[in-house]
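Below is one structure; the comments refer to it alone.
The values are calculated or read from the model by the stated rules, or taken from the named source; none is laboratory data. Please read these numbers as outputs of a predicted model, since none were measured by experiment. Virtual Cβ from ideal backbone geometry, glycine too; neighbours counted across all protein chains shown. To get the accessible areas, we keep the full protein, side chains included, count just its heavy atoms, and leave off ligands, DNA and RNA. Shrake-Rupley method; radii C 1.70, N 1.55, O 1.52, S 1.80 Å.
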Amino acid sequence: MTSSTLSKVEEIMADFARDTGLTAKRPPRRYLWTDAFAVCNYLELYLRTDNSEYLDLARRLVDQVHRVLGRHRVDDRRLGWISGLGEEEGKEHPTVGGLRIGKDLPERGEEDPYDSRLEWERDGQYFHYLTKWMHALNRIGRISGDPTYLRWAGELAEAACTFFCYRPDAAGPGGMYWKMSIDLSRPLLRGMGQHDPLDGYITCRELQTVFRMFPDLEAPDLVLETEKIESMTRSPNLTTDDPLGLGGLLTDLFRLVQLSVGGDHRRPDLPVEVARAALMGLKDYAGNHMLDLPVDYRLAFRELGLTIGLHGLENMEELIAANAGHFQGEEYLFSLIRELGNYLSLAGDLEDFWLKPENIGSRGWKAHQDINRVMLATSLAPLVYLRI
């Protein structure tokens, strides 16, 4: 990373901390997805600069997320921790009831009619946001050496798998709700997210791998949770041409490779399935000329999700080369990864586009400014986020 790139990431994350109430005296504006990436960005800056203030910002952000999104909204008649725990016990276990999304509007009431447009703006809980936060807690736990964060990640995984996953009446692999109410008492959207089971399964395996490094850690072992979700990942339809979804697939592929190097060889078929789906999707995405659209017809955070995944592909090739003995007989996987490498130039093209002042000043950028700038920073400095 060049010094100018590092300075840009520092600038972005300083503005984010001020504008969202992390460092400035203003009401905090917390959003779980964005904040998960932001935690990793502050940790990256801490490792790059050896400046402990960045570790303090990461810790402060985790605490603020738990105090805001682990509790009921200020416009809700319900008070306290969404888990229902008392004040002191809730502080010790802030994730056992999950965490709110952080949307502007309150969740849909039980008697309220469903409105597809409004639902995007309503609060609740998303499974794939919770897994992002589990990963962020893992990274701060590893880098800070404080196992409390890992316990919170395990408790969040246990809650998410318990309440989002369900078994059908007849025999079958079960399913997963896409969106739940704030208190996890009822589904708000019953359809299953395309990549939610894959993301949940890999995240549980990631946490199990890390937990073994802390033998005295008192956290759920996640054995039942991992088995429950694993059944949903068989014969999946993973292919997508959505750039954010593609970035997620590439990131998941890198996590699977890291797990294999670390000795976790469960589901050896899965990396091939993920790589094949990512390759099909990238071919479609590259051919649909989305990059030719005017800036106001493009969503930066979705495109930057792809660039983050592509950086994972770069690091994956290096990891495989350094650990060739772990991948004997994986010629087909290697061929897929080499073919995916043909699309690496997309990362630079997209980053260059979203670094231009006129594009950062566009209406579309400003409409999603927090998530856009944080994911741009992650794309410029991605290693803490990509590693497990």
Worksheet item: Could you list, in sequence order, the residues of the stretch 291-327 that are β-branched (V, I, T) and either closer than 21 Å to D241 by Cβ or in contact with a Gly (Cβ under 8 Å, 6 or more places away or on another chain) (or both)?
Response: V295, T307, I308
Worksheet item: If you scan the stretch 102-122, which residues turn out to be part of a helix (DSSP H, G or I) and surrounded by 12 or more Cβ atoms within 10 Å (Cβ to Cβ)?
Response: L118, E119
Worksheet entry | Failed item in (1) surrounded by fewer than 17 Cβ atoms within 10 Å (Cβ to Cβ); (2) β-branched (V, I, T); (3) touching a Gly at 6+ places or on another chain (Cβ under 7 Å), with T49 passing the rest | (3)
Worksheet item: at pLDDT below 90 and exposed (fewer than 15 other Cβ atoms within 10 Å of the Cβ), is that true of R266?
Response: no
Worksheet item: Taking F254, is it among the aromatic types (F, W, Y), part of a loop (DSSP other than H, G, I, E, B) and touching a residue at least 24 places away in the same chain (Cβ under 8 Å)?
Response: no
Item to complete: Return yes or no: is G325 free of Cβ contacts under 8 Å to residues at least 60 places away in the same chain, in a helix (DSSP H, G or I) and surrounded by fewer than 14 Cβ atoms within 10 Å (Cβ to Cβ)?
Response: yes
Worksheet item: Quick one: which of E314, E303, E318, E273 is of a type in the set (D, E), under 29 Å from L355 (Cβ atoms) and open to solvent by less than 50 Å² (accessible area, probe 1.4 Å)?
Response: E303
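Residue-wise test of (1) closer than 22 Å to D104 by Cβ; (2) not aromatic (F, W, Y).
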| position | (1), (2) |
| --- | --- |
| L22 | yes, yes |
| K25 | yes, yes |
| Y31 | yes, no |
| A38 | yes, yes |
| E53 | no, yes |
| V62 | no, yes |
| H66 | yes, yes |
| L69 | yes, yes |
| V74 | yes, yes |
Worksheet entry | Selection within the stretch 356-388 - in contact (Cβ under 8 Å) with a residue 40 or more places away in the chain and hydrophobic (A, V, I, L, M, F, W, C) | W365, I371, V374, M375, L376, A377, L380, A381, L383, V384, L386, I388
Worksheet entry | In the stretch 204-263, the residues that are open to solvent by 10 Å² or more (accessible area, probe 1.4 Å), small (G, A, S) and at negative phi | A219, S231, G245, G248, S260, G262
Item to complete: Being charged (D, E, K, R), more than 11 Å from R373 (Cα to Cα) and either buried (at least 16 other Cβ atoms within 10 Å of the Cβ) or in contact with a strand residue (DSSP E or B) (Cβ under 7 Å, 6 or more places away or on another chain) (or both) is the filter here, so list the residues in the stretch 1-23 that pass it.
Response: E10
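Yes/no matrix, rows are residues, columns are (1) in contact with a Lys or Arg (Cβ under 8 Å, 6 or more places away or on another chain); (2) modelled with pLDDT under 95; (3) under 24 Å from T34 (Cβ atoms):
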residue: N323; (1), (2), (3): no, yes, no
residue: R338; (1), (2), (3): no, yes, no
residue: L380; (1), (2), (3): yes, no, yes
residue: L383; (1), (2), (3): no, no, yes
Practice prompt. State which residue is nearest to the chain's Cα centre (by Cα) when the search covers only the stretch 332-344 and only residues that are open to solvent by less than 80 Å² (accessible area, probe 1.4 Å) and without any contact (Cβ under 8 Å) to a residue 40 or more places away in the chain.
Written response: L344
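Each row is one residue, and each column tells you yes or no for (1) polar (S, T, N, Q); (2) farther than 20 Å from K132 by Cβ.
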{"residue": "T2", "(1), (2)": "yes, yes"}
{"residue": "D19", "(1), (2)": "no, yes"}
{"residue": "R77", "(1), (2)": "no, yes"}
{"residue": "G98", "(1), (2)": "no, no"}
Fill in: Search result, residues across the stretch 141-153 that are more than 15 Å from A219 (Cβ to Cβ) and either in contact with a Pro (Cβ under 8 Å, 6 or more places away or on another chain) or among the hydrophobic types (A, V, I, L, M, F, W, C) (or both)
I143
